[in-house]
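Asker: Can you read through this structure? Questions will come right after.
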Amino acid sequence: MTEDGRLEMRCREFTAAASDYLENVLEPGLRKAFEEHEEDCVNCHEYLDQLSTIIRGLRAAAHDDVSDEERAKILRLLNPLD
């Protein structure tokens with residue numbers, strides 16, 4: 001907690017809360033701390049962006065009408081070292 005009483009979040013807590021944030025289930029105080037941390041931390045901002053992209057890709061892949069190109073893109077995102 002900061003001197004002015006705001007919640008403060010560390011990277012480890014951020015990554016643990018990221019899925020809940022994307023599902024919009026964080027309580028307001030925690031959500032505010034999460035968003036403030038994301039604004040200040042380049043690594044966590046990138047992590048959230050990647051997680052969001054992966055989740056959107058997986059949701060799209062669950063549908064039968066996903067093109068081969070889209071499926072390949074999702075696989076590249078999930079396996080960046082390939």
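The values are calculated or read from the model by the stated rules, or taken from the named source; none is laboratory data. Keep in mind it's a predicted model, so treat the numbers as computed, not measured. A quick note on method: Cβ atoms are made from the backbone with ideal geometry, for glycine too, and the neighbour counts reach across all protein chains shown.
Asker: Just to check your reading of the model, which residue among GLU35, GLU23 is surrounded by 10 or more Cβ atoms within 10 Å (Cβ to Cβ), among the charged types (D, E, K, R) and modelled with pLDDT of 80 or more?
Answerer: Exactly one residue qualifies, and that residue is GLU35.
Asker: Also: Cβ-Cβ under 8 Å, sequence separation 6+ or interchain: first residue in the range 71-82 and of a type outside the set (A, V, I, L, M) and loosely packed, with under 12 Cβ neighbours inside 10 Å, partner at pLDDT 75 or above and in a helix (DSSP H, G or I). Which pairs?
Answerer: Final answer for the pair search is ASP82/ARG76.
Asker: What about ARG56, is it modelled with pLDDT under 95 and either surrounded by 14 or more Cβ atoms within 10 Å (Cβ to Cβ) or more than 23 Å from GLU13 (Cα to Cα) (or both)?
Answerer: The answer is no for ARG56.
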